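Enquirer: Below you'll find the structure I mean.
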Amino acid sequence: MRIMECIGRVTLSKWDPTLTGASWKLAVPLMHAGLKGDVSGRTEPIVIYDDMGAGIGSLMAVTESADASTPFYPDSKPIDAYCAALLDTVSVE
């Protein structure tokens, strides 16, 4: 699981029928420096399946890879990243 910051929305023109009604967000993974507010601590943005209602600037706990579809078991969804939680605060020492 990684912490990411939502930087935008994604609109799909075509999608798998199992994803109908989904919300898609564009987010950047934050490394240690990124959690402290340093722009150099951000990496490449990725597209995330979001059913938590994240807005721009929201911090999200994101699961990736095969773990991303685990919340939908026994059904399967063709996703690579899933917003598992919205974070109110993150403290970095």
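Enquirer: Please compute the length gained on full extension between D75 and V90, using 0.36 nm multiplied by the number of residues separating them and subtracting their Cα-Cα distance.
Expert: Taking D75 through V90 to full extension adds about 2.2 nm, to one decimal.
Enquirer: Between T11 and R42, how high is the FRET efficiency from 1/(1 + (r/R0)^6) when r is the Cβ-Cβ distance and R₀ = 22 Å? Nearest 0.05.
Expert: 0.45
Enquirer: Mind jotting down a quarter of the surface of the convex hull over the alpha carbons of the chain, in square nanometres, one decimal?
Expert: Taking a quarter of the hull surface, the average projection is 6.2 nm².
Enquirer: Shifting gears a bit: What 222 nm value per residue comes from the helices of the chain, counting each DSSP H run with n ≥ 4 as -39,500 (n - 2.57) and dividing by all residues, nearest 500 deg cm²/dmol?
Expert: -500 deg cm²/dmol
A short reminder: the numbers here are calculations on the coordinates, not readings from a lab. This is a predicted model, so every value here is computed, not measured. Cβ atoms come from the backbone with ideal geometry, glycine included; neighbour counts cover every protein chain shown.
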